[in-house]
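Visitor: So that we are looking at the same thing, I have put the structure below in structure tokens.
The values are calculated or read from the model by the stated rules, or taken from the named source; none is laboratory data. Remember, it's a predicted structure, so these values are computed and weren't measured experimentally. Cβ sites come from the backbone with ideal geometry, for glycine too, and all protein chains shown count toward neighbours. Please note that ligands, DNA and RNA were not included when accessible areas were found on the heavy atoms of the full protein model with its side chains. Shrake-Rupley method; radii C 1.70, N 1.55, O 1.52, S 1.80 Å.
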Amino acid sequence: PKDPSGSPSAASITIKKEVANAFVKRQKRSSLYERYMEYYKSPAEQMHERCENYPPCDYLSDQIGFSMAYNYYFG
């Protein structure tokens, strides 16, 4: 069955399982360490996010570097 626009309807489109598996991959289970690191960020990453979320610090970090900009605003 075709739509009036000339394209096939969604119900008529089928893909073999083998073909579908070629481009749809399941996410592999991560280790306990990887799951831990997703929830708890390192202090350096927290500092980067704090500076990125404050526009003057973010702008200055592009000019003089992250550590100097962070120390200027938060240090």
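Visitor: For residue 72, indicate whether it is modelled with pLDDT of 75 or more, surrounded by 12 or more Cβ atoms within 10 Å (Cβ to Cβ), part of a helix (DSSP H, G or I) and among the aromatic types (Phe, Trp, Tyr). Explain how you work it out, then say what you get.
Guide: On the way: modelled with pLDDT of 75 or more: yes; surrounded by 12 or more Cβ atoms within 10 Å (Cβ to Cβ): yes; part of a helix (DSSP H, G or I): yes; among the aromatic types (Phe, Trp, Tyr): yes.
The answer is yes for residue 72.
Visitor: In segment 41-57, what residues are open to solvent by 60 Å² or more (accessible area, probe 1.4 Å), assigned to a helix (DSSP H, G or I) and touching a helix residue (DSSP H, G or I) at 6+ places or on another chain (Cβ under 9 Å)?
Guide: Listed by number, the residues that qualify are 47, 48, 50, 52.
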